[in-house]
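Beneath this line is the structure, given in structure tokens, with notes to follow.
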Amino acid sequence: MDKLTGLKKIKTVVFISGTGSNLKNIIKFSKIKKSPISIDLIISNTNKAKGLRFADQFNIKKKIFNFKNFRNSEKKILILLKKDKIKFICLAGFMKILSKNFINKFDEKIINIHPSLLPKYKGLNTHSRAINNKDKFAGCTVHYVTAKLDSGKMILQKKVKITTRDNPASLAKKVLKLEHKLYPAAILKILN
Ligand code: GRF
């Protein structure tokens, strides 16, 4: 139940590893009436993730699992998600690759945002790779998560021009702005 609107929403966890700007954006989106999700839990693989501060700011439960013992962390997370009745998972800058076993338990209920025009540039350093290849466009993609990295079915994609003045940092900034539009739009597309 959403505290503000009294509407029943899908309980959702966001997984992060870093700054959490997408997390913050998804939390804000979750609070509007038309959002089909509520953010009830934030999971990080490190206590150094700056984004964890949004848990305190928005009064959301947070948990850290270090993934040193991968199977054990995933097992504990699955127990927690069950206990908290979490039905949907958003990965947002989460730097660990979840196992097939874990992903299969949430079939089509785990989505991720990736800062490239997939299927181009799976993995890391997407912006420098796009610039080095003299691409005309960069962008971002929200996709379902499967066991194969950055390869699940696409939900939405948005592109932006790469100019001659762009460097990886400026491009990352531009793409991040797009990401903040795209993630909520993708959630609405598949859950409404
Ligand atoms: C984003 O560019 C996202 O696409 C990528 O990691 C970055 C995370 O940024 N997977 P933030 O932590 O949401 O600010």
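For this structure, a couple of remarks:
- Restricting I86, I64, I110, I77 to those that are open to solvent by 30 Å² or more (accessible area, probe 1.4 Å), more than 12 Å from the ligand (Cβ to nearest atom), under 13 Å from F15 (Cα atoms) and in contact with a strand residue (DSSP E or B) (Cβ under 7 Å, 6 or more places away or on another chain) reduces the list to I64.
- Residues that are open to solvent by 10 Å² or more (accessible area, probe 1.4 Å) and either closer than 25 Å to F88 by Cβ or β-branched (V, I, T) (or both) within segment 127-142 comprise just one, I131.
- Residue within segment 42-49 that is more than 16 Å from the ligand (Cβ to nearest atom) and in contact with a helix residue (DSSP H, G or I) (Cβ under 8 Å, 6 or more places away or on another chain) present: no
- In segment 98-137, the residues that are at pLDDT 95 or above and of a type in the set (A, V, I, L, M, F, W, C): L98, F102, I103, I110, I111, I113, L117, L118, L124, A130, I131, F137
- Checking the stated criteria, D150 turns out to be on the phi > 0 side of the Ramachandran plot, without any contact (Cβ under 8 Å) to a residue 60 or more places away in the chain and among the charged types (D, E, K, R).
The values are calculated or read from the model by the stated rules, or taken from the named source; none is laboratory data. Quick caveat, the model's predicted, so the values are computed rather than measured. Using ideal geometry, Cβ is built from the backbone for each residue, glycine included, and neighbour counts are taken over all protein chains shown. Side chains included, ligands, DNA and RNA excluded: accessible areas come from the protein's heavy atoms. Shrake-Rupley method; radii C 1.70, N 1.55, O 1.52, S 1.80 Å.
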